[in-house]
Structures are given as structure tokens and as C-alpha cells.
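Encoded as C-alpha cells, the structure appears first; notes follow it.
A short reminder: the numbers here are calculations on the coordinates, not readings from a lab. Keep in mind the model is a prediction, meaning the values are calculated, not measured. Cβ placement follows ideal geometry from the backbone for every residue including glycine, while neighbour counts extend to all protein chains displayed.
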């Protein structure tokens with residue numbers, strides 16, 4: 001954003017209630033100019049757009065991984081990163097290709113698979129901006145780079161802001177995925193209806209849609225879709241059955257598909273049943289085999305900032321998870337995923353400035369209801385007072401019964417808050433670090449300061465383990481010293497007894 005545009009926004013956004021409508025023509029003009037400048041590169045790709053409040057990133061990565069693993073070079077643009085066009089076929093995909101070729105000639109092999117064998121992968125670049133769908137100029141420039149890298153598909157994580165501001169103008173959507181819709185971004189959209197209508201734009205422009213039937217808003221997306229399939233656990237045509245959830249992933253079977261599909265993920269949480277089910281529905285629509293779908297989804301080890309476990313070895317007797325959850329619905333899903341943890345739950349969370357203020361109290365209450373210890377801290381405070389933000393979270397946690405000084409702490413330095421949580425952790429305890437996930441900076445005032453929850457947590461865990469090791473070594477040294485002391489006393493006693501015996 002140019003300095004002139006930024007100054008105009010800062011001077012008018014809070015003062016003009018119609019600011020968002022006022023600048024829409026500007027967004028439209030920028031989108032048209034960007035498309036023309038880069039030649040509308042998305043028209044050369046088969047684009048899969050993923051929208052919803054939660055689950056967009058993980059669903060996008062599952063689709064991206066599944067397609068690349070099955071031999072279709074696919075790029076991705078998401079909250080976490082962009083690029084990632086795999087020009088190599090994995091061992092599993094190569095085996096599948098060999099199997100298919102046993103019944104056909106080599107000339108029938110898809111060109112994308114033939115060209116993929118010996119070329120290198122296109123790097124997945126981290127997304128440094130706190131933005132999911134970037135501005136129109138950056139979006140088109142990156143899509144062009146992905147296209148030139150040889151991609152056949154593009155998985156595009158698509159936000160309501162992007163749809164409302166025409167950022168995806170000129171991007172044809174072959175398949176749209178709707179994950180869910182809950183309370184978020186009302187600071188921008190003002191009403192849940194406006195928020196929903198913005199997301200509906202993706203469905204309306206798509207040739208085919210994959211829609212979560214278990215979400216209460218699913219009916220609106222079904223009505224807007226040209227052609228579609230619904231998915232879910234309780235409802236929908238494409239349905240998960242025999243669901244098993246565990247600390248290392250989920251497992252289930254898909255019913256009502258054209259062939260049997262067994263799905264297993266390496267990412268835990270019941271919500272990943274939905275994320276993987278949506279990805280599987282996309283795979284089936286694109287004609288992938290059940291083996292390609294299941295192997296592709298299973299091959300995704302993790303998504304940065306999404307239920308990432310920090311584990312530094314068997315000496316670590318407590319658990320640490322970093323997750324991007326920052327909405328009431330997302331927080332509840334994370335707590336649901338870890339509800340069987342045998343020890344205490346210590347949660348670290350805070351709220352961003354200039355973002356949906358109405359959820360702060362409810363998020364604080366969710367933390368209080370589901371954690372044994374709550375540590376309220378900073379997030380991207382921007383130009384808003386972090387103490388004011390924290391006070392609203394604190395009020396919610398207190399409503400749930402937490403008391404400051406006992407099981408409620410306010411520590412506005414996020415690094416200190418994470419360190420404190422990990423220091424408190426005992427055997428079987430779980431530390432949840434929530435809200436920023438993959439992000440590489442924290443916004444304080446006008447500055448973006450380098451900060452990564454995962455790195456800070458790893459450093460804190462390592463420090464704790466080092467301290468515990470030193471403590472054990474010190475205790476062992478004390479025991480050894482005491483043992484030697486007792487042996488010396490025993491030796492002297494025996495010598496004394498022997499001396500008396502000689503006298504006798």
C-alpha cells in the first residue's frame with residue numbers, strides 16, 4: 001500500500017461510515033489494471049477457490065498436496081504461503097502412474113506427468129503480509145509466476161475482503177469450496193448477512209461447488225451454486241462415516257461416493273474431518289482415483305501454524321501446540337480437539353487491534369471455560385491500546401470463573417507470556433499458544449516486529465528442558481556427594497570398630 005493511500009485510509013476510515021463503499025470503485029479500477037498488466041494469467045489455469053471462516057488454509061493445503069502427489073503440477077496462494085508448484089512426481093504417484101500405463105501406451109500419458117519427472121519443485125514462499133488474499137497487483141503477479149512455473153491447477157484461498165474488493169476479478173473459478181461461516185470480520189462487513197453475501201460471490205462465479213451441509217449457512221450457498229455436491233458428517237451427499245479421532249490425526253470412510261475412499265490425516269482435530277472431506281470431494285470431482293485421494297491427503301504432514309506440535313524429545317513430558325485459531329468458533333474447535341488431555345490446559349491468547357471487537361469478551365470466556373490457566377497477551381495491537389484489548393478478554397475469562405493472581409494472568413509481552421506458560425507446564429500438561437500461528441511478525445503501532453510463535457515456543461521449551469537437565473544433574477551430583485559422605489562415615493565407623501576389637 002502506497003504511503004499516500006495509507007494516509008488517506010487512516011484519516012478517513014474511522015470517520016466515514018461509508019468508507020468501504022466510497023473506495024469500491026478504486027478497488028475495481030486496481031483489479032482491472034492489474035489484470036490487464038499481467039494478461040489475466042489465471043485464465044490459463046484451472047482454479048479451485050476455497051472460502052469460509054475457518055479451515056480455509058488446511059483445506060487448501062490438502063487439495064494442493066493431493067493434486068501434486070497425483071501428478072498434477074499445482075500452485076497455491078494462501079494465508080501461509082504461495083507458490084509450491086510441484087514438478088516432481090512422488091514415489092506413490094509414480095507407482096500409480098506406472099499402474100495406469102500398464103493398460104495404455106506411453107503416448108497416452110498426460111503431458112503434465114511426462115514433463116514433471118526430472119524438473120525441480122517451485123519453492124513455497126512464506127506469506128509475510130497479514131493477509132490471506134493479497135491485493136490485485138500482487139495476486140496477478142504471483143499467479144503469473146505460478147503459471148510460468150508450469151502449473152496446471154491453482155488452489156486459491158479466498159477471503160470475504162478479497163471478494164468484496166474485486167481482487168479476484170478475472171480469475172475463473174472451476175471449483176469453489178465453502179468450509180463454514182461463523183462470526184468474523186464484522187468490523188468490515190458490519191452484518192453477518194453482508195459477510196455471507198461477500199463469500200457467496202465465489203460460489204456464484206464457480207462452475208461447480210463443494211458445500212458444507214453441516215453448517216447452518218450451507219443452504220444459502222446451495223441456493224447460489226450452479227452445480228454442486230454437499231459434504232458433512234451429519235448431512236450431505238458426500239459423508240464421513242466410522243469417524244475416529246486421535247492426537248495424531250483422524251480416520252474415516254466416505255459414503256455416497258462413486259468408489260470407496262478411506263481417509264486418514266496426520267493433522268488432529270475433528271474439524272480436519274471436514275477439511276479433508278472437502279478436499280476429497282474436490283479430488284473425486286476432478287476424477288482422481290480413491291488411492292490418489294487418500295494417499296494425497298495422508299501425505300500432508302502439517303500446515304504451518306495449524307495444530308503444530310512442539311516436541312523436542314522424550315525428555316519433554318508436557319505438550320505444546322501452536323494454532324492460528326482467533327475466532328470463537330475456531331477456539332472452541334481447538335479445545336474440543338484436546339479435551340481428553342490428561343493434565344492441565346494452559347492457554348495463551350490475545351486479540352488484534354482494529355479487528356472485530358465484539359468477539360473479545362466471548363473469546364475470553366471460551367478461554368476461561370476450557371483452560372485451567374489463562375494467560376492473556378498481545379496480538380497485532382496496531383494503533384489500539386493493548387491494555388484495553390486485554391481488559392475485554394480478561395472480563396470474559398472472569399465471567400467464566402477465572403481469578404487474576406490465581407489462574408488468570410495478563411502479560412502483554414507475548415514472548416514473556418509464552419515463556420511463562422511453558423515454565424508453568426508440568427507432566428501431562430498442555431500449553432496452547434493461539435491466535436498467530438504461522439505469522440512471522442507482530443504489528444505494534446506502525447511497525448511490524450519480527451515474531452514467530454513457533455520459534456519462540458521452541459526456544460522456551462529448549463530452555464526449560466536445559467534447565468530441567470541441569471536440575472537433574474545437580475540433584476544427581478548431590479545424591480552422589482551424599483552417597484560418598486555416607487560411605488565415608490560407614491568406613492570410619494568400621495575402622496573404629498576394628499580398632500576397638502584389636503584392643504580387646
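Which Rg and Dmax, in Å, describe the Cα atoms of region 259-338?
In Å, with Rg to one decimal and Dmax whole: 14.9, 46.
Students often check this: by mean Cβ neighbours within 10 Å, which of 134-147, 44-57 ranks highest, and how do the rest follow? Before the final figure, lay out each step's value.
Values: 134-147: 20.9, 44-57: 24.7.
Packing proxy ranking, top to bottom: 44-57, 134-147.
Determine the shape class of region 24-66: with a ≥ b ≥ c the square roots of the Cα gyration tensor eigenvalues, call it rounded for a/c under 1.5, and otherwise prolate if a/b is greater than b/c, oblate otherwise.
Judged from the Cα gyration tensor, region 24-66 comes out oblate (a/c at least 1.5, b/c at or above a/b).
With label points built 7 Å along Cα→Cβ from the Cα atoms of residue 384 and residue 413, find their separation and express it in nm.
2.4 nm
Using only Cα atoms, locate the centre of region 320-396 and the centre of region 193-260, then give the distance between them in Å, rounded to an integer.
28 Å
I need the shape label for region 308-463. Rule: rounded when a/c is under 1.5, else prolate if a/b > b/c, else oblate, with a, b, c from the alpha carbon gyration tensor. Write out the running numbers ahead of the final one.
Details: a/c = 1.70, a/b = 1.20, b/c = 1.41.
Oblate shape, in that a/c is at least 1.5 and b/c is the bigger or equal ratio.
Order by neighbour count: 243, 456, 250, fewest other Cβ atoms within 10 Å first, most last. Working shown, then result.
Numbers: 243 14, 456 21, 250 25.
Placing the least packed residue first, the sequence is 243, 456, 250.
I'd like the distance between the alpha-carbon centres of region 466-480 and region 42-64, rounded to an integer number of Å.
Their Cα centres are 51 Å away from one another.
Return the FRET efficiency for the residue pair residue 43, residue 475: r is the Cβ-Cβ distance, R0 is 51 Å, and the value is rounded to the nearest 0.05.
Working: r = 68 Å, r/R0 = 1.33.
Using R0 = 51 Å, I get an efficiency of 0.15.
What nm distance separates the two modelled labels at residue 403 and residue 312, each placed 7 Å from Cα along Cα→Cβ?
3.4 nm
Once the cut-off is 14 Å, how many percent of the Cα-Cα pairs in region 420-497 end up in the long-distance tail?
Numbers: 2269 of 3003 pairs.
Roughly 76 percent, rounded to a whole number.
Using a 10 Å cut-off around each Cβ, can you sort 82, 64 from fewest to most neighbouring Cβ atoms? It would help to have the intermediate numbers written out before the result.
Details: 82 24, 64 28.
Fewest-to-most Cβ neighbours within 10 Å comes out as 82, 64.
Evaluate the relative contact order of region 308-463 (contact order divided by residue number), counting alpha-carbon pairs under 8 angstrom at least 6 apart; express in whole percent.
Normalised by residue count, the contact order of region 308-463 is 32 percent.
Any idea what log10 I(q)/I(0) is at q = 0.13, 0.15, 0.22 Å⁻¹ for region 248-393, Debye with uniform C-alpha scatterers and no solvent?
Once normalised to I(0) and log-transformed, intensities are -0.71, -0.86, -1.27.
Between region 402-436 and region 135-157, what is the separation of their alpha carbon centroids in Å?
Each part reduced to its Cα centre gives a spacing of 40 Å.
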